Structures are given as structure tokens and as C-alpha cells.
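Engineer: So that we are looking at the same thing, I have put the structure below in C-alpha cells.
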Amino acid sequence: MGRFRIVSHGRLQDWIAADNGYFADEGLDHELDVVLLENAEQNVVSGEGYVRTGAYELYQSGGHGKRDMSCACHWAVNQAAVDAYGRMWGHAYSVIPSGIYAAPGSGICTLSDLAGVAVAVGFHSGSHFSTIQALEAFVEPEDVRLEFIGMPYDRVEALLSGDVVAANIWGAPTYLVEQQGCRKIADSTFMAAFLFNGDIEREDVERYFAGLKRAQADLDLEPERYKHYYLREIPSRFHDRIDVRGFGPGERVVFEPYTEEMYTRTQEWMRSHHLFQDAEGSIPPYESVVETLGPEPASETARSR
């Protein structure tokens, strides 16, 4: 097998595991493929166009999502795995800070102000699904309005330039827009999941997560030591406008199962909202979509004892 290719997701843990030697300790021959989360047109060969490209379409295209290991919102990964674009890893997921932010001077200050307001989101991505989930808790369905605008940093640009009055922002960009005076109106924290190419060895996936688990512990213990890694994930045009020392720890990897109940409830929710037109018929069996065979993965070090 060739090198294990990891698609970055704007988080810190992959960099910590790589630079602290945790992947090497596990025997994982790896490379980090940095994909700055902007300008979706550059990342997809085919599709319906710029604003109709999102996390799911990146998997569908065979580009961004078809590396050995990648991450996206659990809704998109769930559906991508159902449609056989990869296998969903069932032994971990992550939790990503996210919110609906209003531009300075927009006049949007309260939850009720979001009724009927177009919120910029990414198509078939965490911002899309989490905005629906968040808004439907306090506004009528007919008052939920979405505007599809590219990738995360495309929406950051649109919000800061005043092209939109509200946008769903997640991960490290939440700290960026807060430093620029944007106001969080609603929290929309969401789960993300991991998709891996079904052709790679399960042992390499286990090695990856063993390294990631050690990195998560480091980040929990001393987050300040690692915030400089954000600059590797944030487009350079924003660097002189931010101070990453003031950022939070961002995405957190949770080493617990993505259960059959989670899988089924997610499929039922997406189908009830008609989010994927081709999702019809019975929900495929959990074990045909989510990788759960065998015991909980252990680290290479533990396996050698």
C-alpha cells in the first residue's frame, strides 16, 4: 500500500499527531493533504455549479473526498457512505463549534430577528444541515431561509464584506469572525464523521485514530501550545487580521461509537426534510455502511505488548 493520505479539516489534532510523532509511533506512513476550505469550484470536476457544491458533492466527485481518510459533517458522511463513496468509521466522531453569525451593523441581535432572514450556508454540508436543525427549534418552517454560498471561507468573506447579513460559520472561522466584530445569534454545534476509502487497510485506519487520540489528549491538556497550527489551515489573506492566540481549541474528536441509533435517526431526519432527492426506499442496514467489524481499535503500542 502507498502512503496513507489524510485530508485536513481545519482542526489541530492531525498536525499535533504528525509533528509529535504519534502517527510514526503507530507505524503509519502518512501525508497530510491540506485543502483550504474555500472556492469549491477549484475542488470539483463536475457538478451543478459553484453554489451547488458541498461536502457531499466532494465525495461524489471522487476528488476531495476520495483520499484515504477525510472528515465532514455526519449528515454528508452518512449519506456518502450509504451511496458507497466510502466507508464510515464507527468508532469515533467529532463535535464542531458552529453558529449563525450576524455581520456588524446588520441590526440582527436576537433569535427572532432570524425569522425570514437569508442565512448563508454551504450546500449539502454541515452549515446547511445544522442551520435547519438550529432554526427549526425557534422559527416556523416557512420562515427558514437559506442562501447557498460556497465553502466556509467564502462565507467568511461574504459576511465580513457585507455581501450577506447572516451566515453559518463553523470551526476555526468562528473565532476569526468573532475577532472581526461579528455576533453569534444562534449556536448550531454539530457532529462530524470520518469517511475512508474502502480499499485501504483497516489496520492503517486504526493506526490513524490511535495517533489522533494521543493528539486530542495533548490539545485538552495544553491548547495554547498548538493554536499556531491554525495558520496552516486558514487562507493567508486573513492572517494579518487575526490573532490565533485568542482562538479556542475548535473541533474535538470523540472516541465513542457512531451507533446504529445515530445512523438511523440521521437518515430519518434527512429523509423527513427531503435533503437528498435520490434517498428513497428502506434505509440500508447499519453494518453495510458503517465500519464496526472487530473489537474497539487499540494503539500499535498496546497491540505489541
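The values are calculated or read from the model by the stated rules, or taken from the named source; none is laboratory data. Since the model is a prediction, treat every value here as computed from it, not as a measurement. Reconstructed Cβ throughout: ideal geometry from the backbone, glycine too, with neighbour counts over all protein chains shown.
Engineer: Of the conditions (1) outside the structural domain of Y59 (by TED's automatic domain parsing); (2) assigned to a loop (DSSP other than H, G, I, E, B), P173 clears all except one; give me its number.
Structural biologist: (2)
Engineer: Out of the residues in the stretch 66-99 meeting the condition of being assigned to a loop (DSSP other than H, G, I, E, B) and not hydrophobic (A, V, I, L, M, F, W, C), tell me which one is nearest to the chain's Cα centre (by Cα).
Structural biologist: P97
Quick grid of which residues meet (1) part of a loop (DSSP other than H, G, I, E, B); (2) modelled with pLDDT under 95; (3) not acidic (D, E); (4) not assigned by TED's automatic domain parsing to the domain that holds L159:
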| site | (1), (2), (3), (4) |
| --- | --- |
| Y101 | no, no, yes, no |
| G107 | yes, yes, yes, no |
| S112 | no, yes, yes, no |
| V119 | no, no, yes, no |
| F123 | yes, yes, yes, no |
| H128 | no, no, yes, no |
| A134 | no, no, yes, no |
| F138 | yes, yes, yes, no |
| E147 | no, yes, no, no |
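Engineer: Only one residue in R265, R241 is touching a residue at least 60 places away in the same chain (Cβ under 8 Å), among the basic types (K, R) and assigned by TED's automatic domain parsing to the domain that holds Y85, so which one is that?
Structural biologist: When all the criteria are applied, what remains is R241.
Engineer: Also, I was wondering about something else. Out of the residues in the stretch 1-22 meeting the condition of being among the basic types (K, R) and surrounded by fewer than 19 Cβ atoms within 10 Å (Cβ to Cβ), tell me which one is modelled with the highest pLDDT.
Structural biologist: R5
Engineer: Does the stretch 78-86 contain any residue that is in contact with a Cys (Cβ under 9 Å, 6 or more places away or on another chain), in contact (Cβ under 8 Å) with a residue 40 or more places away in the chain, aromatic (F, W, Y) and within 24 Å of T266 (Cβ to Cβ)?
Structural biologist: Checked the stretch 78-86: no residue is in contact with a Cys (Cβ under 9 Å, 6 or more places away or on another chain), in contact (Cβ under 8 Å) with a residue 40 or more places away in the chain, aromatic (F, W, Y) and within 24 Å of T266 (Cβ to Cβ).
Engineer: Sticking with this structure for a sec: Considering each residue of the stretch 229-272, count those that are buried (at least 20 other Cβ atoms within 10 Å of the Cβ) and among the small types (G, A, S), and give that number.
Structural biologist: Total satisfying the criteria: 1.
Engineer: With the checklist (1) at pLDDT 95 or above; (2) among the β-branched types (V, I, T); (3) assigned to a helix (DSSP H, G or I) in hand, flag the one item V51 doesn't pass.
Structural biologist: Failed condition: (1).
Engineer: Which residue out of D163, D187 is at pLDDT below 95 and surrounded by fewer than 21 Cβ atoms within 10 Å (Cβ to Cβ)?
Structural biologist: D163
Engineer: Select from the stretch 232-279 the residues that are aromatic (F, W, Y) and either touching a Ser or Thr at 6+ places or on another chain (Cβ under 7 Å) or outside any loop (DSSP other than H, G, I, E, B) (or both) and list them in ascending order.
Structural biologist: Result: F238, Y263, W269.
Engineer: I'd like the full set of residues that are touching a Leu at 6+ places or on another chain (Cβ under 8 Å) and surrounded by 22 or more Cβ atoms within 10 Å (Cβ to Cβ), limited to the stretch 201-214.
Structural biologist: Scanning the stretch 201-214 gives R207, Y208, G211.
Engineer: Oh, and also: Evaluate the following for E31: is it at pLDDT 80 or above and either touching a Cys at 6+ places or on another chain (Cβ under 7 Å) or not in a helix (DSSP H, G or I) (or both)?
Structural biologist: yes
Engineer: Tell me, which residue of the stretch 167-184 that is among the small types (G, A, S) and in contact with an Asp or Glu (Cβ under 9 Å, 6 or more places away or on another chain) is surrounded by the most Cβ atoms within 10 Å (Cβ to Cβ)?
Structural biologist: The selected residue is A167.
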